[in-house]
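To keep things clear, I will list the structure first and then write my remarks on it.
Any read-out appearing in this document is the output of simple, stated calculations on the displayed coordinates, not a laboratory observation. Remember, predicted model here, so these are calculated numbers, not experimental data. Because the Cβ atoms are built from the backbone with ideal geometry, glycine has one as well, and the counts that use them run over all protein chains shown.
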Amino acid sequence: MVTGCMKINAFTIGSLGTNCYVVWDDDSSQAMIVDPGAYDPVLESVVSGNGLVVKYIALTHGHCDHIGGIQEFKSLYPGALLAVGEKEIELLGDPEMNGSSYFFGERFAFEPDVSLKDGDTLALGGLSFTVIETPGHTPGGVCYYIPECDGTLVRRDFSGTLFAGDTLFQASIGRTDLAGGDFEALKSSIRDRLFVLPDDTLVLPGHMDATTIGNEKQYNPFVR
């Protein structure tokens, strides 16, 4: 049982409309920023306005539209640890593979402070987020899952929350035509790793609107 009280603020940032999340335990004020695709002062104001201590910058994967704000936020919060799946380290550190040199004309390359494998956890006070490896969109993509928390600001009628990155979208899935993408692996990740979660799990994706596991099991045309 989760013992902390989770709060979430969601933002759509950057030129490619990436969903970034500031997540924190209200009891301890420990926080993480999930997928900072670009620097946005509104995120900074949420952190300062709530007196948060950023413990992690947690990536679902290393594509350029999810990492563009890392440098700024690491400078603002030097104690924050950059966390990414262990199989994503090469892509995160290669501007060609992560697309930054092509899409943005900039060379983003980062080394993580924490490398994650399936089943690892990230703790924020009394909250514990489980790492689920979901390769396919990229070789080392991960999702972060937490069971029910009564204090969530998103809604209170879900059995858990999944930060899905670009693995699973509302009625869609992440593209697989970029470096390391694998369509069959992505479908398997969704069916075998995510569709086993409760149907009323809230899915917070890397782009577009939120959905639920049950909705995607029933209506997503890519993984039926």
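Results, tabulated for the structure shown:
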read-out: Rounded if a/c under 1.5, otherwise prolate or oblate - the chain, Cα gyration tensor axes; value: oblate
read-out: Residues of type lysines that Lys87 reaches as a straight line, Cα spacing below 19 Å, ignoring anything fewer than 8 places off in the same chain; value: Lys117, Lys187
read-out: The chain, relative contact order [Cα under 8 Å, separation at least 6], %; value: 18
read-out: Simple label model, 7 Å out from Cα along Cβ direction - Asp113 to Leu76, nm; value: 1.5
read-out: Loop GluC sites (Glu not before Pro), segment 79-147 (other Cβ atoms within 10 Å of the site Cβ: 16 or fewer; DSSP); value: Glu96, Glu106
read-out: Proximal aspartates and glutamates to Lys217, defined as alpha-carbon separation beneath 14 angstrom and excluding residues fewer than eight positions away on the same chain; value: Asp192, Asp199, Asp200
read-out: Residues of type lysines that Lys74 reaches as a straight line, Cα spacing below 17 Å, ignoring anything fewer than 8 places off in the same chain; value: Lys55
